[in-house]
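One structure is given here, and the rest of the page talks about it.
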Amino acid sequence: RGLWAVVPAAGRGARFGGDVPKQYLQVAGEPLLAHTLRALLAHPTVQGAVVALAEGDERWPRWREIEGKPLLTCVGGDARADSVLAGLAALPDSVRADDFVLVHDAARPNLASADLDQLLERGRNDPVGAILAAPVRDTLKRSGDDGGIDGTEPRERLWRALTPQLFRRLQLTRALEAAQASGIEVTDESMAMERQGLRPLLVEGADDNFKVTTPADLARFEFVLARRG
Ligand code: C5P
């Protein structure tokens, strides 16, 4: 059975600097968002995507399909969770309440098909769902108010949460609504699920499924594309 994706792309890119939101930065003649959507929709299991755009977004190129698969849009919100909720609400009716959906960052263009295979294979057999994640490789320090080091966090069992994340449509909607109602900012979908007492599965993905956050990340993606040829 096919699967739909929600792609939050309503960020204004404040951290990147400059006035072009990062999803619209040009890479190899196309906006970053085009690369991300292609990587996602090229997967045979992915049937279509809803892209959550910032209100008044005039850069969206009005694509109706990519890789021959339908693209729908909706207006996102102030926080990522608001954008994902809007995307979930805009999914077609053919996506049932207990169907799994993928959520994937617009700013994460380097998704490998093998990672998506793993996520789908393992996540769809889990009652809750799953996320791609990568083990932490640096030593982690906790700082005090004065900038001094208060301690070292053991990095065993610490992971960086990546996307896509795979959850059931209604259960994710309820979890995000609950987080919204409690005023807690969830920085990924799993965090909302965890707050419901649920335990999604971690699926180890490639380190290079990175989120473009700084100009150096953009250069890294350009390098990846050049090497791919
Ligand atoms: O800000 P951050 O890098 O965590 O954003 C991750 C993804 O969430 C990006 O693709 C961004 O466009 C999206 N986002 C959104 N709505 C917001 C904030 C972020 O769709 N209000």
Worksheet item: Could you say which residue among Ala216, Ala192 is surrounded by fewer than 19 Cβ atoms within 10 Å (Cβ to Cβ), within 16 Å of the ligand (Cβ to nearest atom) and of a type in the set (A, V, I, L, M, F, W, C)?
Response: Ala216
Worksheet, complete the sentence: When the stretch 90-114 is checked residue by residue, the ones that are among the β-branched types (Val, Ile, Thr) and in contact with a Leu (Cβ under 8 Å, 6 or more places away or on another chain) are Val101, Val103
Worksheet item: Among the residues of the stretch 91-127 satisfying the criterion of being assigned to a loop (DSSP other than H, G, I, E, B) and within 15 Å of the ligand (Cβ to nearest atom), which is surrounded by the fewest Cβ atoms within 10 Å (Cβ to Cβ)?
Response: Asn110
Item to complete: Taking Ala206 as the residue in question, decide whether it is in contact with a strand residue (DSSP E or B) (Cβ under 8 Å, 6 or more places away or on another chain), within 22 Å of Ala28 (Cβ to Cβ) and either part of a loop (DSSP other than H, G, I, E, B) or more than 16 Å from the ligand (Cβ to nearest atom) (or both).
Response: yes
Response to the item:
Of Ala86, Ala42, Ala52, the only residue that is closer than 24 Å to Asp115 by Cα and buried (at least 19 other Cβ atoms within 10 Å of the Cβ) is Ala52
Worksheet item: Based on what the data block shows, is Gln26 away from the ligand (no atom under 12 Å from the Cβ), out of contact with any Ser or Thr (no Cβ under 6 Å at 6 or more places or on another chain) and either at pLDDT 95 or above or of a type in the set (Val, Ile, Thr) (or both)?
Response: no
Worksheet item: Taking the condition within 20 Å of Lys211 (Cβ to Cβ) and either of a type in the set (A, V, I, L, M, F, W, C) or within 10 Å of the ligand (Cβ to nearest atom) (or both), does Val20 pass?
Response: yes
Item to complete: Examine the stretch 140-148 for a residue that is under 19 Å from Ala130 (Cβ atoms), surrounded by fewer than 16 Cβ atoms within 10 Å (Cβ to Cβ) and touching a strand residue (DSSP E or B) at 6+ places or on another chain (Cβ under 9 Å), and state whether such a residue exists.
Response: no
Practice prompt. For the stretch 41-49, indicate whether the set of residues that are within 13 Å of the ligand (Cβ to nearest atom), in contact with a Phe, Trp or Tyr (Cβ under 8 Å, 6 or more places away or on another chain) and at pLDDT 95 or above is non-empty.
Written response: yes
Discussion item. Yes or no: the stretch 69-80 includes at least one residue that is under 13 Å from the mean Cα position of the chain (by Cα), within 16 Å of the ligand (Cβ to nearest atom), among the small types (Gly, Ala, Ser) and farther than 23 Å from Val203 by Cβ.
Written reply: no
Worksheet item: In this structure, does Leu85 turn out to be within 12 Å of the ligand (Cβ to nearest atom) and in contact with a Phe, Trp or Tyr (Cβ under 9 Å, 6 or more places away or on another chain)?
Response: no
Fill in: Matching residues, the stretch 174-189, being surrounded by fewer than 16 Cβ atoms within 10 Å (Cβ to Cβ) and in a helix (DSSP H, G or I)
Arg174, Glu177, Ala178, Ala181, Ser182
Discussion item. Just the residues that are closer than 19 Å to Leu166 by Cβ and of a type in the set (Ser, Thr, Tyr), please, taken from the stretch 69-86.
Written reply: Ser83
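The values are calculated or read from the model by the stated rules, or taken from the named source; none is laboratory data. All values reported here derive from a predicted model rather than from experimental measurement. Positions of Cβ are backbone-derived with ideal geometry, glycine not excepted, and every protein chain shown enters the neighbour counts.
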